[in-house]
Amino acid sequence: MKSWDVIVIGSGAAGFATAVTACCKGLSVLMLEKAPHFGGTSAISGGAVWINDTDQAREAGKSGSPDAIKTYLRTIIGDTNYRPALVDAFVESGREALAFLEQEGAVKYSLRPLSPDYYPDEAGAVDVGRALEVVEFDGRELGEHFNTLRSPPPGMLLLGGMMVNRVDIQHFLDMRRSWTSFRHCSRLLLRYGRDRLRHPRGTRLAMGNALIARMATLALRKGLDLALNVNVTALIEEQGRVTGVTLKREGKEEQLHARCGVVLA
């Protein structure tokens, strides 16, 4: 039976965060994805994260207090569903987790200059400091794996294949009245034109696509085994613990062993 230290089921942001962390700790990792492309819904999302007291917020002087975010969460979740231990873990470890991934090069985020919490009038809400957005990424870093990264739907792409972020959209709106915006948009269009000579779409990635691509690039370089078109049918249990998975691939059933564990992502 083939064996890895960790088997991760699912290739979205949670799955890649797990895979990257395990790879950085020196573990062998297999990621299983049922679709023909990796990235899941994370790859077609905005990719933003909402975390208190990040390094980015501290640099901007907008770190915020743990009591404020806990008050906000308790207010919008409600006392009945509020789980203090889970919220404490999120508030106390969120910054550390994000900082680890950034230091390893798995993610790169910037602080949104203005991004009010969804319920801005509730106690503990802030206008800026918690929402971070993904920094763009060069998809060419993925090499041959770029073609199996899940592409956003056509409605999210300009000219049939060019990704743009919040800043780009504003430049396109201003390009007729701003020389800076005109140059910015011209560079994007020239880059996209060159990309289409070699690739099915633009390689300048933004939002969730950039998030997944950056994490995947690091994980693959660190030895991640990525398997697509794989349907996991069961978990293998021995003496009360999960030790592997049963899957179907190309019509054949296989069993794979996980020495440390299986993560459902």
Report summary line: Restricting attention to the range 94-127, the residues that are polar (S, T, N, Q) and either on the phi > 0 side of the Ramachandran plot or modelled with pLDDT of 95 or more (or both) number exactly 2
Query raised in the report: Could you say whether any residue in the range 233-240 is in a strand (DSSP E or B), free of Cβ contacts under 8 Å to residues at least 12 places away in the same chain and surrounded by fewer than 19 Cβ atoms within 10 Å (Cβ to Cβ)?
Result: yes
Query - Members of the range 47-75 found to be within 25 Å of the chain's Cα centre (by Cα), part of a helix (DSSP H, G or I) and not basic (K, R), listed by number - result: D55, Q56, A57, E59, P66, I69, Y72, L73
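Any residue at all in the range 168-186 that's at positive phi, free of Cβ contacts under 8 Å to residues at least 40 places away in the same chain and among the hydrophobic types (A, V, I, L, M, F, W, C)?
The initial filter retains those residues of the range 168-186 that are at positive phi, namely none.
Among the residues of the range 168-186, not one is at positive phi, free of Cβ contacts under 8 Å to residues at least 40 places away in the same chain and among the hydrophobic types (A, V, I, L, M, F, W, C), which makes the answer no.
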Query raised in the report: Any chance the range 92-109 includes a residue that's over 17 Å from the mean Cα position of the chain (by Cα), touching a residue at least 40 places away in the same chain (Cβ under 8 Å) and under 19 Å from A48 (Cα atoms)?
Result: no
Query raised in the report: Within the group R140, R112, which residue is in contact with a strand residue (DSSP E or B) (Cβ under 6 Å, 6 or more places away or on another chain), of a type outside the set (D, E) and closer than 27 Å to A219 by Cβ?
Result: R112
Report task. Among the residues of the range 166-224, write down those that are open to solvent by 30 Å² or more (accessible area, probe 1.4 Å), polar (S, T, N, Q) and touching a strand residue (DSSP E or B) at 6+ places or on another chain (Cβ under 9 Å). Result -> none
**Report entry** Filter result for K62 (modelled with pLDDT under 95 and buried (at least 16 other Cβ atoms within 10 Å of the Cβ))
**Finding:** yes
Report summary line: Going through the range 85-103 in order, the residues found to be open to solvent by 70 Å² or more (accessible area, probe 1.4 Å) and either of a type outside the set (F, W, Y) or outside any helix (DSSP H, G or I) (or both) are A85, L86, E92, R95, E96, Q103
Requested in this report: Identify, by number, the condition in (1) in contact with a helix residue (DSSP H, G or I) (Cβ under 8 Å, 6 or more places away or on another chain); (2) exposed (fewer than 11 other Cβ atoms within 10 Å of the Cβ) that E122 doesn't meet.
Outcome: (2)
Requested in this report: Name the single residue, out of those in the range 104-117 being outside any loop (DSSP other than H, G, I, E, B) and over 20 Å from Y72 (Cα atoms), that is least open to solvent (accessible area, probe 1.4 Å).
Outcome: Y109
Report summary line: Those residues of the range 129-161 which are open to solvent by less than 30 Å² (accessible area, probe 1.4 Å), among the aliphatic types (A, V, I, L, M) and either in a loop (DSSP other than H, G, I, E, B) or modelled with pLDDT under 95 (or both) amount to L157
Query raised in the report: Could you count how many residues in the range 241-255 are part of a strand (DSSP E or B) and either more than 14 Å from M1 (Cβ to Cβ) or open to solvent by 70 Å² or more (accessible area, probe 1.4 Å) (or both)?
Result: 7
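The values are calculated or read from the model by the stated rules, or taken from the named source; none is laboratory data. The model shown is predicted, which means the values in this text are computed figures rather than measured ones. For neighbour counting, all protein chains shown are included, and Cβ atoms are generated from backbone atoms with ideal geometry for every residue, glycine included. Ligands, DNA and RNA are excluded from the accessible area calculation, which covers all protein heavy atoms including side chains. Shrake-Rupley method; radii C 1.70, N 1.55, O 1.52, S 1.80 Å.
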